[in-house]
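Engineer: Dropping the structure in here first, questions after.
The values are calculated or read from the model by the stated rules, or taken from the named source; none is laboratory data. All values reported here derive from a predicted model rather than from experimental measurement. Because the Cβ atoms are built from the backbone with ideal geometry, glycine has one as well, and the counts that use them run over all protein chains shown. Note: areas computed on protein heavy atoms with side chains; ligands, DNA, RNA excluded. Shrake-Rupley method; radii C 1.70, N 1.55, O 1.52, S 1.80 Å.
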Amino acid sequence: MAAGWNSQLIVETWSQGGLIATSVGLALARSHTCGRHVCVVPDERARSEYAERMGEAGVTAEIVVGEPEEVMEGLVGVDFLVVDSRRKDFTRVLRLAKLSNKGAVLLCKNANSNSKGFIWRSLVAKGSSRRLVRSAFLPVGKGLDMAHVSASGGNNSSGHRWIKHVDQHSGDVHFIRR
């Protein structure tokens with residue numbers, strides 16, 4: 001997904017002992033898009049383990065040590081963000097992310113299907129400039145909750161939405177305000 005989105009800044013949070021398969025996939029996507037892959041780890045011990053395990057897989061990533069809230073301040077233009085929903089602060093990380101001007105794809109690993117959607121509703125709360133374009137829960141692994149979020153409301157501040165419809169018979173293009 002990160003490569004298909006042509007992500008230039010891919011960010012993930014990782015905890016010691018976590019699965020490395022997601023990180024390897026993100027590193028490979030980064031190589032296809034010629035972007036950056038940044039992994040946020042909580043401490044030096046986790047940084048060492050992450051670097052070692054990524055080295056064993058034959059890929060690399062830019063590793064930043066610190067609390068995700070602090071690190072997100074310096075990462076502007078996030079196109080693709082992966083967080084582990086088992087972390088108690090994962091919703092705060094999502095809210096603090098400075099998304100790119102084209103929006104972003106946000107993923108929560110280890111998501112619970114019972115709480116489906118609450119993450120995204122709180123993320124695009126009233127007064128937020130972000131708009132939820134689409135979300136889905138996939139029963140992959142221990143659950144994967146994903147969303148496409150616009151970076152700003154843009155010209156949609158009135159609450160109206162424009163729909164493009166192409167008449168298949170005549171070829172006419174109609175724009176409908178909803």
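Engineer: Here is the link list: K109/K164; K98/K142; K142/K164. Which ones come out longer than 31 Å on Cα distance?
Structural biologist: Numbers: K109/K164 34 Å; K98/K142 27 Å; K142/K164 37 Å.
Checking Cα-Cα distances, K109/K164; K142/K164 exceed 31 Å.
Engineer: Accessible surface of W162 in the full protein assembly, 1.4 angstrom probe, to the nearest 10 Å²?
Structural biologist: Rounded to the nearest 10, that gives 150 Å².
Engineer: Using a 1.4 angstrom probe on the protein heavy atoms only, could you order R30, R95 from most to least accessible area?
Structural biologist: Details: R30 75, R95 115 Å².
The most accessible residue leads, giving R95, R30.
Engineer: Looking at [x] 1.14; [y] 2.39; [z] 1.22, which value of Cα Rg over 2.2 N^0.38 Å comes from a calculation on the structure shown?
Structural biologist: [x]
Engineer: Excluding residues on the same chain fewer than 8 positions from K102, give the aspartates and glutamates whose Cα lies under 18 Å from its Cα.
Structural biologist: Cα-Cα hits under 18 Å: D79.
Engineer: Can you pull the percent of region 1-140's accessible area that's carbon plus sulfur, 1.4 Å probe, other chains left in place?
Structural biologist: Roughly 51 percent, rounded to a whole number.
Engineer: Taking the dipole about the Cα centre of the chain, with the C-beta of Lys and Arg at +1 and of Asp and Glu at -1, give me whichever of V40, I163, S23 is farthest to the positive side.
Structural biologist: I163
Engineer: Also, I was wondering about something else. Which value in deg cm²/dmol, rounded to the nearest 500, describes the helix-derived mean residue ellipticity at 222 nm for the chain, given -39,500 (n - 2.57) per DSSP H run of n ≥ 4 and division by the residue count?
Structural biologist: On the way: 5 runs with 45 residues, N = 178.
Counting only the DSSP helices, I get -7000 deg cm²/dmol.
Engineer: In what order, largest first, do M146, M54 sit by accessible area if the probe radius is 1.4 Å?
Structural biologist: On the way: M146 40, M54 5 Å².
Reading off the accessible areas and sorting them downward yields M146, M54.
Engineer: Remind me, relative contact order of the chain in percent, using alpha carbon pairs under 8 angstrom and six or more residues apart?
Structural biologist: 16
Engineer: While we're looking at this one, here's another question. E73 accessible area, nearest 10 Å², 1.4 Å probe?
Structural biologist: 120
Engineer: For the chain, report the accessible area per residue in Å² (1.4 Å probe, heavy atoms, rounded to an integer).
Structural biologist: On the way: 10100 Å² over 178 residues.
With all protein chains present, the chain gives 57 Å² per residue.
Engineer: Summing Lys, Arg as +1 and Asp, Glu as -1, what charge do residues with Cβ under 13 Å from the Cβ of G74 carry, G74 excluded?
Structural biologist: Cβ neighbours under 13 Å give a net charge of -3.
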